[in-house]
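The values are calculated or read from the model by the stated rules, or taken from the named source; none is laboratory data. Computed from a prediction, not measured in an experiment: that's the story for all the values here. As a convention, Cβ positions derive from the backbone with ideal geometry for all residues, glycine included, and neighbour counts pool all protein chains shown.
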Amino acid sequence: MRNKTILFLALCISPVVALAKGEPLPKLLPWSQQVALRESWLEKRHAMILPLMREYGINMWIVANEEFHDDPLTQYVAPPRPYAGNRDFFVFIDAGDKGLRKVAVTGYSEETLKRFFESPDDPKPPAEALHALYDEYKPAKIALSFGANRGVERSLTYDTYKFISESMGPGAADHFIPAKDLIEDYLDTRIPEEFDTYTTMVRLTEILTRRALSNELIHPGKTTVGDIRRWLYDQLSLNDVGTWFQPDIRVQRKGGQNATSRGFLAVAAENVVIERGDVLHIDFGITYMGLNTDWQKMGYVLRAGEKDAPAGLKAAMKNTNLLQDAVTSLARPGKTGGEVYDGALAEMQKQGIEAKIYSHPIGNQGHGLGASIDYRSSQRKDMAASQTKPLRPGCYTSIELNTATAVPEWDNQKVYIMMEDDAYLTDQGYKFFRPRQEAFYLVK
């Protein structure tokens, strides 16, 4: 019966609601059904934990959740429901021949939690429960979220670290180790059951981005950058999804000076008015079902008498498509991010294309954990390790990059064509969840 329920919930993702024009919006699940589907994913994810713990020689893994200060791991190791028990712990123990033991040390008993953890009806005080587990197993290595470069891997608060140490007893802290490698492998591994949901998310992201770069919203000479941003915020609310970053809009204009920020084309101020002849760029993503998308697309505002973008702008977009081809075709499971980056950049240099690549894993976090294909990885010590990690089969990556091309119609002014598409890795390379953009979205 449970499998039939899960199948029904999965099928509920596909129905659509018709729009007045353009591709219809996907119909998303109500919250109760989202939780039920995510709990079915959690069963699959828990099966990954013991092999990963043994791979890294970890005897006990503790995820601590603070009331009103949720740990970013909680929704991926426990049922994705609210936790308000002051300080809750989710403890995973390698119990040897007995396999993985899972214990929830929470302030309140909860029916769903019992499906996944040992969770008594009358919970013991956390200090007593943690001490008992430490005393019973005497784990040589206790993995905690500290000592890492990324936020999701270093989320343990100072006070909770002290609480665990003091609760377990003298000498326990000598056995604490960073859980970063375990966390990275756990979160970077995509399960097949997530694929249809993620495909739906990318579809919704694309539809909203297309609409934002159209005459539905943009009226040249009147619409501002702020209007576009606010419209995207409202669409998040109307579609019952969230986001993990602020939508950004960039504007390039013939004769205009391109301001930069941290080596990239700078975001336009909200008071900038969209004019005819502008090249527009949107960076937008959504959050839904514990997953995230990341999406960048280009628009062009037609001048009077134009029916398409100028040839020079279309050539500039073609250069970015060629860069995408290089990245997606070179990637293979087992190759490192650095190998793909070096090969793609060498191909661009051969073709005389000015290119920049800054692709990153995506999934449970927008800037996810795992191997990156990113020029910054060789420049920053805190990112260098991600450049040497192998790409995982089935991993999701945001193929984020740009090219700069001198455009004859703009007096050889450089125009940046910045693209970002979510993709998944196959034995034949990356495949996009949605067809990539090969022509400007035109605003009449």
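Restricting to region 47-68, count the residues that are in a loop (DSSP other than H, G, I, E, B) and either farther than 24 Å from M289 by Cα or in contact with a helix residue (DSSP H, G or I) (Cβ under 9 Å, 6 or more places away or on another chain) (or both).
Within region 47-68, the first condition is being in a loop (DSSP other than H, G, I, E, B), and the residues that meet it are 56-59, 67-68.
Next, from what is left, pick out any that are either farther than 24 Å from M289 by Cα or in contact with a helix residue (DSSP H, G or I) (Cβ under 9 Å, 6 or more places away or on another chain) (or both): 56-59.
Residues in region 47-68 being in a loop (DSSP other than H, G, I, E, B) and either farther than 24 Å from M289 by Cα or in contact with a helix residue (DSSP H, G or I) (Cβ under 9 Å, 6 or more places away or on another chain) (or both): 4 in total.
Taking the condition of being part of a helix (DSSP H, G or I) and either in the same structural domain as G370 (by TED's automatic domain parsing) or without any contact (Cβ under 8 Å) to a residue 40 or more places away in the chain (or both), how many residues in region 135-161 meet it? Walk me through it before giving the result.
We begin by selecting, within region 135-161, every residue part of a helix (DSSP H, G or I); these are 135-137, 151-153, 158-161.
Pick out the ones that are also either in the same structural domain as G370 (by TED's automatic domain parsing) or without any contact (Cβ under 8 Å) to a residue 40 or more places away in the chain (or both) and you get 135-136, 158-159, 161.
Adding up the residues that qualify gives 5.
So which pairs qualify, if the first residue must be in region 314-340 and within 17 Å of R436 (Cα to Cα), the second must be acidic (D, E) and assigned to a helix (DSSP H, G or I), the Cβ gap must be under 7 Å, and the two must be at least 6 apart or on different chains?
Here the result reads A326/E347, each pair linking region 314-340 to a residue that is acidic (D, E) and assigned to a helix (DSSP H, G or I).
Let's see how each residue does on (1) assigned by TED's automatic domain parsing to the domain that holds P220; (2) within 30 Å of F195 (Cα to Cα); (3) more than 22 Å from the chain's Cα centre (by Cα); (4) surrounded by fewer than 14 Cβ atoms within 10 Å (Cβ to Cβ):
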site	(1), (2), (3), (4)
A259	yes, no, yes, yes
I274	yes, no, yes, no
H281	yes, yes, no, no
I286	yes, yes, no, no
Y300	yes, no, yes, no
A304	yes, no, yes, yes
P310	yes, no, yes, no
L313	yes, no, yes, no
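I'd like the full set of residues that are under 17 Å from R45 (Cβ atoms) and either surrounded by fewer than 19 Cβ atoms within 10 Å (Cβ to Cβ) or not small (G, A, S) (or both), limited to region 104-145.
Passing the criteria: T112, L113, R115, F116, F117.
Restricting region 209-229 to residues that are assigned to a helix (DSSP H, G or I) and not basic (K, R), which is surrounded by the fewest Cβ atoms within 10 Å (Cβ to Cβ)?
We begin by selecting, within region 209-229, every residue assigned to a helix (DSSP H, G or I); these are 209-212, 225-229.
Among the residues that remain, those that are also not basic (K, R) are: 209, 212, 225-228.
Working: T209: 23, A212: 24, V225: 20, G226: 15, D227: 18, I228: 25.
Looking at residues that are assigned to a helix (DSSP H, G or I) and not basic (K, R), I get G226.
Out of all the residues in region 180-208, which are part of a helix (DSSP H, G or I) and of a type in the set (S, T, N, Q)?
At the first step, the residues of region 180-208 found to be part of a helix (DSSP H, G or I) are 180-188, 192-208.
The answer is T197, T199, T200, T205.
Matching residues to (1) acidic (D, E); (2) at pLDDT below 95; (3) farther than 28 Å from F117 by Cα; (4) out of contact with any Gly (no Cβ under 8 Å at 6 or more places or on another chain):
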site: V16; (1), (2), (3), (4): no, yes, yes, yes
site: L19; (1), (2), (3), (4): no, yes, yes, yes
site: E23; (1), (2), (3), (4): yes, yes, yes, yes
site: K27; (1), (2), (3), (4): no, yes, yes, yes
site: P30; (1), (2), (3), (4): no, no, no, yes
site: Q34; (1), (2), (3), (4): no, no, no, yes
site: S40; (1), (2), (3), (4): no, no, no, yes
site: R45; (1), (2), (3), (4): no, no, no, yes
site: L52; (1), (2), (3), (4): no, no, no, yes
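Out of the residues in region 300-320 that are part of a helix (DSSP H, G or I) and of a type in the set (K, R), which is nearest to V279 (Cα to Cα)? Write out each step before concluding.
Of all residues in region 300-320, those part of a helix (DSSP H, G or I) come to 311-320.
Filter again for of a type in the set (K, R), leaving 314, 318.
Details: K314: 11, K318: 15 Å.
Among them, the one singled out is K314.
Here is a check on your reading of the model: is E347 at pLDDT below 95 and in a helix (DSSP H, G or I)? Show your work before the answer.
Values: at pLDDT below 95: no; in a helix (DSSP H, G or I): yes.
Considered against the rule, which asks whether it is at pLDDT below 95 and in a helix (DSSP H, G or I), E347 comes out as no.
Residues being among the charged types (D, E, K, R) and free of Cβ contacts under 8 Å to residues at least 24 places away in the same chain: count how many of those fall in region 162-185.
Residues that pass the stated criteria total 2.
Would you be able to tell me the number of residues in region 232-263 that are farther than 19 Å from P26 by Cβ and part of a helix (DSSP H, G or I)? Steps first, answer last, please.
Step one: of region 232-263, the residues farther than 19 Å from P26 by Cβ are 233, 244-263.
From what's left, part of a helix (DSSP H, G or I): 233.
So the answer is 1.
Within region 52-69, which residues are out of contact with any Pro (no Cβ under 9 Å at 6 or more places or on another chain) and either among the charged types (D, E, K, R) or farther than 19 Å from S109 by Cβ (or both)?
We begin by selecting, within region 52-69, every residue out of contact with any Pro (no Cβ under 9 Å at 6 or more places or on another chain); these are 52-57, 61-69.
L52, M53, R54, E55, Y56, G57, W61, I62, E66, E67, F68, H69 - these are the residues of region 52-69 that are out of contact with any Pro (no Cβ under 9 Å at 6 or more places or on another chain) and either among the charged types (D, E, K, R) or farther than 19 Å from S109 by Cβ (or both).
Search region 415-433 for residues being over 16 Å from the mean Cα position of the chain (by Cα) and more than 17 Å from S372 (Cα to Cα), and hand back the single one that is surrounded by the fewest Cβ atoms within 10 Å (Cβ to Cβ).
By that ranking, first place goes to D427.
Taking the options S329, S359, S372, name whichever one is among the polar types (S, T, N, Q) and either at pLDDT below 95 or outside the structural domain of D421 (by TED's automatic domain parsing) (or both). Give the derivation first.
Details: S329 fails: either at pLDDT below 95 or outside the structural domain of D421 (by TED's automatic domain parsing) (or both); S359 fails: either at pLDDT below 95 or outside the structural domain of D421 (by TED's automatic domain parsing) (or both).
Only one candidate qualifies: S372.
Going by what's in this entry, would D71 be described as in contact (Cβ under 8 Å) with a residue 40 or more places away in the chain and part of a loop (DSSP other than H, G, I, E, B)? Reasoning before the result, please.
Values: in contact (Cβ under 8 Å) with a residue 40 or more places away in the chain: yes; part of a loop (DSSP other than H, G, I, E, B): yes.
Against the criterion (in contact (Cβ under 8 Å) with a residue 40 or more places away in the chain and part of a loop (DSSP other than H, G, I, E, B)), D71 qualifies.
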